[in-house]
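Notes to accompany the following structure.
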Amino acid sequence: MNDVTLSVQRLASYREAIKKIKQGKCSLSFPKDTNIESILDFESDLVQLAAWLDARLDGVNKIQEISTEISKGSVLDEVLNRIYDTFHEIIPYDRIGCALISDDYERVFAHWTKSNYPEKVMIKNGYTAFLSGSSLEGILTTQQPRILNDLQLYLAENPNSLSTKLIVAEGIQSSLTCPLIADGKPIGFIFFSSKEKNTYIDAHQKIFINLARQISFLVEKSRLYQRIYDINNQLVNALAQLKEQSSRDALTGVFHRGAIMEFLKNTIEKRHKKKTAYYCNTC
């Protein structure tokens, strides 16, 4: 086989390889039947490029799947539970925590935590700390996730950090702290934590950044939904109490005549409906 024929065949195989890549089929191989080193190098680069694209496509697909899954949540804790259940595929962790920023932007308070060692959790819901002057304030300034791969060393350098003391007491060695910013407004943080040192790499930062906007929006939306839900429950309870109070005499606590008559009327109507249903079923 002459060089011209070989070149034509090789070019045809390259066109076919490019066509496969465009179709998302990124598994490539070429016959090793040439001694031309430059061609072999080119083919090796093309195979590596296809493998890189394959990994990128796989990552994008996983991110889309996770985005779809976490968007199914409505109230805040449901969204956070879905994050805990789905992120294992792309970010390693033994624990995830969520802290929210107070309305006056002065404090951060722990809202939710989930781990594979729940009995040893030291930072529980309701734990608070000042935002001003803290390392978390610096994260909000950069709006970038922060990696700490040796928390014992970090604690030695920052011995007054109570939250670090508590998290190290849980057995955590590495952390990835991610800011939550919705429509330019800081709303809180998500903390991915691992019992192993040197767990997190730049790729994990980039993964979260790709999801950050959607996660922040979902957390803010579900937080507002939770507030509306809580307010609605408070109103329902308040109305029930007002109805109860309006039915009783303020001095004696005895039901008014009108309340008694309404109760009797409702009772008679219920019994009548039961009798009617009974006769209908026996006919």
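The values are calculated or read from the model by the stated rules, or taken from the named source; none is laboratory data. Fair warning: this is a prediction, and the values are worked out from it, not measured in the lab. Cβ: placed from backbone, ideal geometry, glycine included. Neighbour counts: every protein chain shown. The area values use the complete protein model at the heavy-atom level, side chains included, leaving out ligands, DNA and RNA. Shrake-Rupley method; radii C 1.70, N 1.55, O 1.52, S 1.80 Å.
For first residues located in the range 176-193 and among the aliphatic types (A, V, I, L, M), partners that are open to solvent by 40 Å² or more (accessible area, probe 1.4 Å) and lie 6+ apart or on another chain with Cβ distances below 7 Å form the pairs L176/I147; I181/Q143; A182/F217. The residues of the range 164-194 that are under 25 Å from D104 (Cβ atoms), open to solvent by 50 Å² or more (accessible area, probe 1.4 Å) and not in a strand (DSSP E or B), listed by number, are D183, G184. If you go through the range 195-214 and keep only what is open to solvent by less than 50 Å² (accessible area, probe 1.4 Å) and at pLDDT 90 or above, you end up with T199, Y200.
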